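So the structure is just underneath, and the comments pick up after that.
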């Protein structure tokens, strides 16, 4: 199975991105995860889908708690990202990119050899004509589900 190491690209090359257009799901995932590591709401928000823009607006204005946003288990997994991801898999208008493993002691690196579900970034297109991958959520996905998903965009 191919594994990508995007830490350098995420920390240097993607920092200047203002839109996810024309970027692969893996590149958008790296930018989002870098935003989590840096606890940079602006970076995460710029790669968010339309539905999540309101949430980020509320976080920026203080209507929602920023500290709570970064405290849940999924955010903690994102902040512990080690730079490795698996190739995107596709389902309709979504791209799923694993970046960690759900282990008994907390999130583990993909290369750890541990069992458990993948922790994934779920990206979404906002409509059938959209070319912009946007963060929809951080989820968990069984490995067998990932392995049966399309490896090219439908």
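The values are calculated or read from the model by the stated rules, or taken from the named source; none is laboratory data. Every value quoted in this text rests on a predicted model; they were computed, and no experiment measured them. Reconstructed Cβ throughout: ideal geometry from the backbone, glycine too, with neighbour counts over all protein chains shown.
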Reported set for region 79-95 where residues are within 18 Å of residue 126 (Cβ to Cβ), in contact (Cβ under 8 Å) with a residue 60 or more places away in the chain and touching a strand residue (DSSP E or B) at 6+ places or on another chain (Cβ under 6 Å) is 88, 90, 95
Inspect all residues belonging to region 119-129 and state whether any of them is outside any loop (DSSP other than H, G, I, E, B), out of contact with any strand residue (DSSP E or B) (no Cβ under 8 Å at 6 or more places or on another chain) and on the phi < 0 side of the Ramachandran plot. no
Given 20, 77, which one is surrounded by 15 or more Cβ atoms within 10 Å (Cβ to Cβ) and either at pLDDT below 90 or farther than 25 Å from residue 109 by Cα (or both)? 20
With respect to residue 86, is the statement that it is over 17 Å from residue 28 (Cα atoms), modelled with pLDDT of 95 or more and within 14 Å of the chain's Cα centre (by Cα) true? no
Can residue 56 be described as in contact with a helix residue (DSSP H, G or I) (Cβ under 7 Å, 6 or more places away or on another chain), surrounded by fewer than 20 Cβ atoms within 10 Å (Cβ to Cβ) and closer than 19 Å to residue 30 by Cα? yes
Total residues in region 30-50, condition outside any helix (DSSP H, G or I) and within 16 Å of residue 68 (Cα to Cα): 3
